[in-house]
Amino acid sequence: MCGSRRLTDRLHSAGGTAALLSCVLFLTPACDGVGALGEDERVQPLTLMEPADRSETADAVRFMWTGGGSGWYRLQLSTDSSFTVLVRDISSGTVPEHIVRELDRGTIHFWRVRHEHPEGVGAWSVVRSFIPVRKALLPARPNLRTPVHLTIGLPREIIVEWEPVPDAIAYHLQVFMDEDLLLFHADLEELTSSEIPIRDLVFTYPYWWRVRAESVAGYGVWSNVWKFQVKD
């Protein structure tokens with residue numbers, strides 16, 4: 001039993017209504033782990049992963065960290081280590097990473113992250129710094145591998161594969177059932193592998209497919225469009 005509950009029991013038996021109210025307002029949060037300023041002591045500070053401390057980066061950066069739990073994350077960037085002037089203040093959702101683009105090249109940036117949830121917030125992570133020194137480039141056009149263009153007689157489940165693209169962080173695959181690329185069979189984004197199974201293809205049908213890569217700068221151009229056909 002926490003200290004506030006023991007004090008509540010004593011005050012209740014003594015009829016101390018005003019003191020009981022004070023206990024509820026000021027001592028109860030300490031029992032559930034949330035301090036007076038809303039900082040949740042149960043949530044450990046996050047561990048920063050990328051970019052490395054004092055590193056030179058492009059002007060688009062992928063920030064990554066580990067830790068936290070249910071809730072969301074807040075990412076802050078500043079040009080001073082005390083964060084008096086914020087360059088970005090981002091509620092980044094539930095995924096422990098976020099891409100920030102159009103950063104000022106030649107300027108030292110500081111960054112930190114914390115975990116937040118409806119009952120309070122975690123402590124800020126340690127502060128790291130980096131300096132953007134070059135323009136972030138869009139990724140190259142992917143080269144397709146299999147199924148080879150104009151292949152016929154394929155089964156209803158196949159593996160589509162393309163060559164990995166340098167600096168790609170994800171891929172976008174589209175498979176169509178018409179030559180005008182309007183009728184989707186599959187439209188898959190945020191793929192982290194350069195091969196993926198495609199299922200439930202229709203016998204005798206032709207299909208067209210293409211891929212594009214994504215880097216921290218954004219999406220690159222689409223690959224060539226290749227065609228294949230499922231067996232009769």
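No lab work stands behind these numbers, since they all come straight from the coordinates. This one's a predicted model, so the numbers in the text were calculated from it and none came from an experiment. Neighbour counts run over all protein chains shown; Cβ positions are idealised from the backbone, glycine included.
Kirkwood Rh over Cα pairs of the stretch 47-134 into Stokes-Einstein at 20 °C, 1.002 mPa s: D in µm²/s? For these conditions, the coefficient is 164 µm²/s. The Cβ shell under 12 Å around TRP65 holds other residues with a net charge of +3, Lys and Arg each +1, Asp and Glu each -1.
Here GLU102 and ALA52 are evaluated by their C-beta separation; at R0 = 30 Å the FRET efficiency comes out at 0.90.
You can think of it this way: the chain between ASP89 and VAL148 has 16.6 nm of extra reach, that is 0.36 nm per residue less the Cα-Cα gap. Among the chymotrypsin sites (Phe, Trp or Tyr not before Pro) in the stretch 159-232, those placed in a DSSP loop whose Cβ has at most 12 other Cβ atoms within 10 Å are PHE203.
With Cα atoms defining each centre, the stretch 144-220 and the stretch 81-130 are spaced 35 Å apart in the structure.
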